[in-house]
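S.K.: Got a structure for you, written out below as structure tokens; questions coming shortly.
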């Protein structure tokens, strides 16, 4: 019988995507296949994804990485959510947290009880007054707290801010210790088999040739394998997400480490602020159709919270995705597969999710169209759902002060997004697609935070009498206040748990 096993995997490109793939594949298939990674020190990495979402804990966990070690090595801090400033109206802010507000009751989502208290009882409490994440974040507090006391109220779900360059080096050490071979060099030519169109070899500029059975394209925006060699097309989403540039730079460490990211809207885009143990990550994402590069650069420099380190670095991109993420014996990963701006910190998650699905659907040399097709279906759907969530941030605004915001507010949006917004506006209901990365709580917080507030609620919220409703809401707030009041500062927790050695 013909041996159809994949005997050699070649990862083209390093950076965060390449070394995440190398580490995970070494862990799960490294004992039965050779793994080679090709990268060059001459080619830099983009490295703008320094903020993450909670799913990164699962990736590190499945590799057996100790959280404190990872955080120490990568200068990491904890993240409870993202503060959005000036998105619905100038001067307004809200926090998109990783948790839920309140607690569901009688199989009905908490926000229906909150809406009833606003509309019928005249309460002036905001949705986030019932959020442990919100209160901890704005008091600059953090602790590992899975639940609120002995109640069923969820505690603090969290992610990380970290230096993505250091994370790549951390995973490189892990992968090489697990048997991955790193090959220094720049890929000069991709050779395809004439009969099948499969990738056979990669020729490097020094003349060396690397063969393989399965290839993973981590060559960034170039898409050297998936795009240039195999001709897989790219879907451009600029009509909905016209941001196509970003200036990124570091600044000095803040006096106090906030446990959340900041995303501040400007005239033609937005600015991120990411607090690390050693420095602050900053960037201004913008559309060159609505502002010049010089203006965008100055906007970033004018709005730094701490003294700059170095000069802003310009990144150019087109928001969108590949028509296929896996074609023949090549799978694209990271920026070669698609790009969605770092508004909701999804870049590293998408790398992680794609790797996980690859491991589940790992091929043999037949490269089954059924398996490849299922992989592409799943990843395409996840990309498209995240795209809609990002569009929501721009489209659900009342800003009329610039040409950019007028365009975003009035543009046509995908039908599925419009339907979701209409349903919430008219019924206060949110449908959770089982494949959507962002759950009901996320959609709720962004819609309410940016001014989409229904004038109704579910009938079942009336099952509580007025006194019962008042008592229920009061008890929830009291329990959360008590729990948050018992934890210490984010900075103190970092100092005790995972302070970087060079900074101690």
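S.K.: When residues of region 251-283 are filtered for being crowded, with 22+ Cβ neighbours inside 10 Å and closer than 22 Å to residue 159 by Cα, how many remain?
M.R.: Within region 251-283, residues that are crowded, with 22+ Cβ neighbours inside 10 Å and closer than 22 Å to residue 159 by Cα number 18.
S.K.: Also, I was wondering about something else. Working only within region 438-471, note down all residues that are assigned to a helix (DSSP H, G or I), in contact (Cβ under 8 Å) with a residue 60 or more places away in the chain and within 16 Å of residue 421 (Cα to Cα).
M.R.: Passing the criteria: 440, 441, 442, 444, 445, 446, 448, 449.
S.K.: Suppose the filter is surrounded by fewer than 12 Cβ atoms within 10 Å (Cβ to Cβ), at pLDDT 95 or above, more than 30 Å from residue 255 (Cβ to Cβ) and more than 23 Å from the chain's Cα centre (by Cα); does residue 451 pass it?
M.R.: Answer is no for this residue.
S.K.: Turning to a different aspect of this structure: Surrounded by fewer than 16 Cβ atoms within 10 Å (Cβ to Cβ), without any contact (Cβ under 8 Å) to a residue 60 or more places away in the chain, touching a strand residue (DSSP E or B) at 6+ places or on another chain (Cβ under 7 Å) and more than 25 Å from residue 454 (Cα to Cα) - does that describe any residue in region 149-163?
M.R.: No, there is no match, as no residue in region 149-163 is surrounded by fewer than 16 Cβ atoms within 10 Å (Cβ to Cβ), without any contact (Cβ under 8 Å) to a residue 60 or more places away in the chain, touching a strand residue (DSSP E or B) at 6+ places or on another chain (Cβ under 7 Å) and more than 25 Å from residue 454 (Cα to Cα).
S.K.: Tell me which residues, restricted to region 227-243, are surrounded by 20 or more Cβ atoms within 10 Å (Cβ to Cβ) and within 17 Å of residue 347 (Cβ to Cβ).
M.R.: 237, 241, 243
S.K.: With respect to residue 64, determine if the residue is at pLDDT below 95 and in a loop (DSSP other than H, G, I, E, B).
M.R.: no
S.K.: A follow-up question, please. Could you tell me whether residue 300 is surrounded by fewer than 20 Cβ atoms within 10 Å (Cβ to Cβ), over 30 Å from residue 3 (Cβ atoms) and touching a residue at least 24 places away in the same chain (Cβ under 8 Å)?
M.R.: no
S.K.: Right, next: Working carefully through the options 123, 28, 78, 70, find the one that is touching a residue at least 12 places away in the same chain (Cβ under 8 Å), touching a strand residue (DSSP E or B) at 6+ places or on another chain (Cβ under 7 Å) and either crowded, with 20+ Cβ neighbours inside 10 Å or farther than 30 Å from residue 401 by Cα (or both).
M.R.: Result: 78 is the single residue among 123, 28, 78, 70 that is touching a residue at least 12 places away in the same chain (Cβ under 8 Å), touching a strand residue (DSSP E or B) at 6+ places or on another chain (Cβ under 7 Å) and either crowded, with 20+ Cβ neighbours inside 10 Å or farther than 30 Å from residue 401 by Cα (or both).
S.K.: Residue pairs, Cβ under 7 Å, 6 or more apart or interchain, first in region 359-382 and exposed (fewer than 13 other Cβ atoms within 10 Å of the Cβ), second assigned to a loop (DSSP other than H, G, I, E, B). List them.
M.R.: Filtered contacts from region 359-382: 366/4.
The values are calculated or read from the model by the stated rules, or taken from the named source; none is laboratory data. Values in this document were obtained by computation on a predicted structure and should not be read as measured data. Ideal geometry is used to build each Cβ from the backbone, glycine not excepted, and the neighbour counts take in all protein chains shown.
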